[in-house]
Amino acid sequence: MQVTVNGKTEEIPAGISVAEYLDRREVGRDSLVVELNGTVLTRPEWPARILNTGDRLEVVRFVQGG
């Protein structure tokens, strides 16, 4: 199925959660914010939120520096 992640269309397996998506992409979870279809998700929501065809996912990592 297709979802849009950070503005790019990706093909992913059906029925995976946001947490599973992040694990498959080997995205570390430190300093990470995830937005699904315009709504920011809390970390406890990631395992329960199943991705569906056409979903828009934004994954942003905060970086400190100066």
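The values are calculated or read from the model by the stated rules, or taken from the named source; none is laboratory data. Predicted model only: the values in this text are computed from it and were never measured. Every residue, glycine among them, receives a Cβ derived from its backbone with ideal geometry; neighbour counts consider all protein chains shown.
Some values worked out for this structure:
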quantity	calculated
Looking only at segment 57-66, and only at residues there that are more than 14 Å from Val3 (Cα to Cα) and not hydrophobic (A, V, I, L, M, F, W, C), the one that is nearest to the chain's Cα centre (by Cα)	Arg61
Residues (within 17 Å of Thr4 (Cβ to Cβ) and among the hydroxyl-bearing types (Ser, Thr, Tyr)) located in segment 18-56	Tyr21, Thr39, Thr53
Boolean, Val33 is within 11 Å of the chain's Cα centre (by Cα), at pLDDT below 95 and surrounded by 12 or more Cβ atoms within 10 Å (Cβ to Cβ)	yes
First in segment 15-35 and part of a loop (DSSP other than H, G, I, E, B), second anywhere and modelled with pLDDT under 85, Cβ under 6 Å, 6 or more apart	Ser31/Arg61; Ser31/Phe62
